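Participant: Please find one structure pasted underneath; my questions will follow.
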Amino acid sequence: MDGAGHYREAENLLAMAVEQQMALATEDPTAGSVVELTHTVARAQVHATLALAAATAPRTDWTADLAAWQDVAAPKPEGQEEQR
């Protein structure tokens with residue numbers, strides 16, 4: 001997985017964590033547990049850290065990664081999906 005992929009996965013996991021937290025807050029029986037929520041947040045943090053490491057790693061040619069980073073990190077107009 002490249003840096004942009006780690007960034008995307010961190011965003012997806014954080015969105016999942018928000019959904020889990022909302023379900024726990026409303027006592028939804030399908031919400032899972034606080035432990036599962038904690039694991040989701042921890043996984044998101046790992047992916048975010050790996051994305052940061054990839055983004056700041058010294059390299060001589062960013063050409064290959066530039067498009068992927070622009071796709072994943074640039075703000076998208078509402079309703080527009082990112083390219084994968």
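Any read-out appearing in this document is the output of simple, stated calculations on the displayed coordinates, not a laboratory observation. Small disclaimer: the values here were computed from a predicted structure and weren't measured. So basically every Cβ, Gly included, is an ideal-geometry build from the backbone, and we count neighbours across all protein chains shown.
Participant: Of the residues A23, A51, which single one is touching a residue at least 24 places away in the same chain (Cβ under 8 Å) and not in a loop (DSSP other than H, G, I, E, B)?
Facilitator: Numbers: A23 fails: touching a residue at least 24 places away in the same chain (Cβ under 8 Å).
Selected residue: A51, the only one of A23, A51 that is touching a residue at least 24 places away in the same chain (Cβ under 8 Å) and not in a loop (DSSP other than H, G, I, E, B).
Participant: While we're looking at this one, here's another question. Checking the structure you have, find out if any residue of the stretch 26-33 is surrounded by 14 or more Cβ atoms within 10 Å (Cβ to Cβ) and part of a helix (DSSP H, G or I).
Facilitator: Just the residues of the stretch 26-33 that are surrounded by 14 or more Cβ atoms within 10 Å (Cβ to Cβ), to begin with: 31-32.
This time we only want the ones that are part of a helix (DSSP H, G or I), so: none.
The answer is no; no qualifying residue exists.
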